[in-house]
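S.K.: Please find one structure pasted underneath; my questions will follow.
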Ligand SMILES: Cc1cc2nc3c(=O)[nH]c(=O)nc-3n(C[C@H](O)[C@H](O)[C@H](O)COP(=O)(O)O)c2cc1C
């Protein structure tokens, strides 16, 4: 029987499924619920020292649905970090750790570009006993107006400085959560890892406008008739998240082999998680999936991941972590490999060689109908 157990920076997780920072970890009560359901670890909703500066609006979610099934495939939010007081959060984090001493609790923290504030939030969170910290360098809306969140994640020099401040005082593992709203995610990843972060989490949400209401002619979600670009998550973002994770995983493999990657973006099944792990992730985080399906989703995801492992006779996550990275190459190399493969086919059976694959219009219609049928 394969095992899903894994150890990350000395922290023992029963499985690689981690609640991502967001509504599913919004207070001590729901964090306890997640542990009861069997999640491997929980990252709490991002907290800051002065919650009075955090003012949320309503509505702050908008959803993209599949045309036929109406399933939610994409989710946009303009939610900020937690607007609950830091003192209340510290009490709840401590109470959760007291009740669940064996479970892994990670505090997601964010502050302004101020050395003393980052040092204070780091020290006060670790003093109440959380197991690790995740630095939110990635929230793409609202907070960047205060030079927080993705304003730092988009600027590797600033990220490096802040990571250095935190790591100078942190006694527990630190992950940097990165924004996908950059051209080369390797740059902020390197900045975090060079400045003492034990791991990287990616991705946070992708800056988006979910759509424009054709009755009112106003973009969604509307607050008093106006909107602002938000963050996109859910199934639709998984291909982008996989690409960014593989780029970070290669940096880790080649330059920082003792560091880790927590893959995030659109995970809803054990099979989704297997793909992140195959591309180098150590753990996998889920936010929108929990909002769609509830905390019990973890049971099904564990079963699906175990079934995948049995199918391939993998005993542990290590047996396949990063396995698929070897199959990612350059276009130029694909051309050479294709030529080689065709030459070999031709040598063995000249009749097997087909003309170049050019889609006719008919093929295209067939393909799009098949896609539309799902
Ligand atoms: C409503 C909502 C609120 C979120 N709040 C936070 C947050 O406070 N801190 C953070 O680091 N990420 C936050 N996220 C981002 C998620 O943790 C995650 O990185 C992103 O949604 C992609 O994963 P998913 O497709 O599983 O949701 C939030 C996401 C959503 C949908």
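The values are calculated or read from the model by the stated rules, or taken from the named source; none is laboratory data. From a predicted model like this one, the values you see are computed outputs, not experimental measurements. No Cβ is skipped: glycine too gets one built from the backbone with ideal geometry, and neighbour counts run over all protein chains shown.
S.K.: Name every residue in region 4-59 that is touching a helix residue (DSSP H, G or I) at 6+ places or on another chain (Cβ under 7 Å) and in a strand (DSSP E or B), in order of residue number.
M.R.: Correct list: 6, 17, 19, 42, 43, 47.
S.K.: Would you confirm whether any residue within region 213-236 is assigned to a helix (DSSP H, G or I), assigned by TED's automatic domain parsing to the domain that holds residue 133 and within 15 Å of the ligand (Cβ to nearest atom)?
M.R.: yes
S.K.: Give region 1-35 a look and list any residue that's over 15 Å from residue 294 (Cα atoms), more than 18 Å from the chain's Cα centre (by Cα) and within 16 Å of the ligand (Cβ to nearest atom), or say none.
M.R.: 27, 28
S.K.: In addition: Among the residues of region 85-103, write down those that are within 16 Å of the ligand (Cβ to nearest atom) and crowded, with 16+ Cβ neighbours inside 10 Å.
M.R.: Listed by number, the residues that qualify are 86, 89, 92, 93.
S.K.: Could you pull out the residue among 73, 81 that is assigned to a strand (DSSP E or B), within 14 Å of the ligand (Cβ to nearest atom), in the same structural domain as residue 22 (by TED's automatic domain parsing) and in contact (Cβ under 8 Å) with a residue 40 or more places away in the chain?
M.R.: 73
S.K.: Counting only residues that are more than 23 Å from the chain's Cα centre (by Cα) and more than 11 Å from residue 271 (Cβ to Cβ), which one in region 301-315 is surrounded by the fewest Cβ atoms within 10 Å (Cβ to Cβ)?
M.R.: Top of the filtered list is 313.
S.K.: Would you please name the residue that is surrounded by the most Cβ atoms within 10 Å (Cβ to Cβ), looking only at residues in region 49-70 that are under 19 Å from residue 290 (Cβ atoms) and within 15 Å of the ligand (Cβ to nearest atom)?
M.R.: Top of the filtered list is 62.
S.K.: Take the residues in region 110-144 that are without any contact (Cβ under 8 Å) to a residue 24 or more places away in the chain and closer than 22 Å to residue 179 by Cβ, then tell me which one is nearest to the ligand (Cβ to nearest atom). Even if it seems obvious, please write down each step before you answer.
M.R.: Here is the first cut: in region 110-144, the residues without any contact (Cβ under 8 Å) to a residue 24 or more places away in the chain are 114, 116, 127, 144.
Subsequent filtering for residues that are closer than 22 Å to residue 179 by Cβ retains 114, 144.
Numbers: 114: 19, 144: 13 Å.
Applying the filter and picking the extreme gives 144.
S.K.: Follow-up question, since we're still on this one. All but one of (1) assigned to a helix (DSSP H, G or I); (2) touching a strand residue (DSSP E or B) at 6+ places or on another chain (Cβ under 7 Å); (3) more than 14 Å from the ligand (Cβ to nearest atom) hold for residue 187; state the number of the condition that does not hold.
M.R.: Among (1) assigned to a helix (DSSP H, G or I); (2) touching a strand residue (DSSP E or B) at 6+ places or on another chain (Cβ under 7 Å); (3) more than 14 Å from the ligand (Cβ to nearest atom), the lone unmet condition for residue 187 is (2).
Rundown of residues vs (1) at pLDDT 95 or above; (2) within 19 Å of the chain's Cα centre (by Cα), yes/no style:
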{"position": "134", "(1), (2)": "yes, yes"}
{"position": "141", "(1), (2)": "no, yes"}
{"position": "152", "(1), (2)": "no, yes"}
{"position": "158", "(1), (2)": "yes, no"}
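S.K.: Of everything in region 224-260, what is surrounded by 13 or more Cβ atoms within 10 Å (Cβ to Cβ) and more than 20 Å from residue 272 (Cα to Cα)? Give them in sequence order. Break it down stepwise before answering.
M.R.: We begin by selecting, within region 224-260, every residue surrounded by 13 or more Cβ atoms within 10 Å (Cβ to Cβ); these are 227-238, 240-253, 255-256, 259-260.
Of everything in region 224-260, those that are surrounded by 13 or more Cβ atoms within 10 Å (Cβ to Cβ) and more than 20 Å from residue 272 (Cα to Cα) turn out to be 227, 228, 229, 230, 231, 251, 252, 253, 255, 256, 259.
S.K.: How many residues does region 190-212 contain that are near the ligand (Cβ under 9 Å from one of its atoms) and part of a helix (DSSP H, G or I)?
M.R.: Summing the residues that are near the ligand (Cβ under 9 Å from one of its atoms) and part of a helix (DSSP H, G or I) in region 190-212 gives 0.
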